[in-house]
Amino acid sequence: DLCNLTPHIISHHHFTKLVQSRLVSYQQVHSDIMFGASQAVQKLADGKQGSGTVPVVYGLFLCSALAVYHFVANGEFSAIMTMAVMIQCLAFVLLAVKSAAVGSVSGISAKCLALEALAFACRLSSTTWLNGYLPVDATGDFVYQAVEAIALLIVLWLLYCCFATHEHTYQKDADSLPVLPLVAGCSLLAALLHADMNSRDLFDTLWMTGLFLSVVSVLPQLWLINQTGGVVQACTGHYIAMLAVSRALSGVFMWHARHDITCRPLVEGVNHAVWAILSAHVMHLVLLG
């Protein structure tokens, strides 16, 4: 009898091992499926938080720009200056969206932001109460200054993220370009080459300093990119592209207004302010390119 039962016992033993091996396989497959699903959900969530927001931001700014151009500026050509500062503001909004979405300031130069903040402050010290460098349409009454003030607040918030909330993601060692010589150089050149559209040397100098600082502010960002392997993150690419578009629009306006820009010439018959302003625009576009 025992001999007769042996094959059944062996058969049952093999059956049990087979079931156990299948269960292990099913558990592994289930684990792989769940892991893959969790990864897919995470990517989907990341897409909703980051890249999915970017088209919405572009759409909102496009609608805002068109509304300002048609309903505030009434299609005046000088509104191109306001469009330029709106696109510049968009550049910083895109950086802010990225930082808020992923909780990181990796790839963003705090020194670049500091120079931009100083540039905004210099220009606003002039444009908030003097008319020399404002669009002549209705956007120069409030919209132009308001957009620059909003951009300044966004830049200050990004700086707060770099040095406080997201400090652990800030690449301080790579963001090492000295900026004090840049500030000193811009201030000195502005004192020599400023226009006199405000008829006040101090505020004409401050406006020109703001222009020059906004040009060189990209240098720390380019330095950071080079120090971290030359890889441009998507948000940084959008930021640089929007700055280039903004500067191109501003340059078009300045070229058309070149005969209206005046200065006290250092050399008789040479309007050095026009050449300084146009050269700054060209240099900025070269750096951004």
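The values are calculated or read from the model by the stated rules, or taken from the named source; none is laboratory data. Because the structure is predicted, anything quoted here is derived from the model rather than measured. Here the Cβ is made from the backbone with ideal geometry for all residues, glycine too, and neighbour counts use every protein chain on show. For the accessible areas, the whole protein counts, side chains as well, though only heavy atoms, and no ligand, DNA or RNA atoms are used. Shrake-Rupley method; radii C 1.70, N 1.55, O 1.52, S 1.80 Å.
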Based on Cβ point charges of +1 for Lys and Arg and -1 for Asp and Glu, what charge dipole magnitude is obtained for segment 191-289 about its Cα centre, in debye rounded to the nearest 20?
220
With a Förster distance of 22 angstrom and the Cβ-Cβ distance between VAL231 and SER176, calculated FRET efficiency to the nearest 0.05 equals 0.80
Please say if segment 235-289 is rounded, prolate or oblate, where rounded means a/c under 1.5 for a ≥ b ≥ c the square roots of the C-alpha gyration tensor eigenvalues, and otherwise the choice is prolate for a/b larger than b/c and oblate otherwise?
prolate
Expressed as cubic angstrom per residue, what is the convex hull volume of the alpha carbon set of segment 46-122?
96
Mean projected area, convex hull of alpha-carbon positions in segment 142-192, reported to one decimal in nm², is 5.3
Among ILE108, LEU94, ILE150, which residue has its Cα positioned farthest towards the positive end of the charge dipole of segment 56-183, with +1 placed on the Cβ of Lys and Arg, -1 on the Cβ of Asp and Glu, and the dipole taken about the Cα centre?
ILE108
Result for segment 175-267: accessible area per residue, probe 1.4 angstrom, in square angstrom, of 47
So, how do all the Cα-to-Cα distances of segment 194-276 break down into 10 Å bins, in percent, from 0 on up?
15, 37, 26, 17, 5
Selection from ASN271, SER199, LEU288 lying farthest towards where the dipole of segment 148-289 points positive, charges on Cβ:
LEU288
Roughly how many whole Å is it from the C-alpha centroid of segment 213-237 to that of segment 114-169?
20
Given a Förster distance of 45 Å, report the FRET efficiency between SER199 and TYR160 from their Cβ-Cβ distance, rounded to the nearest 0.05.
0.75
Need one number: nm distance between label points at HIS168 and VAL136, each 7 Å from Cα along Cα→Cβ, rounded to one decimal.
5.6
Using a probe of 1.4 angstrom, how much of the accessible area of segment 87-191 is carbon and sulfur, in percent?
71
To the nearest 0.05, the calculated FRET efficiency linking TRP129 and LEU189 through their beta-carbon distance, R0 being 30 Å, is 0.80
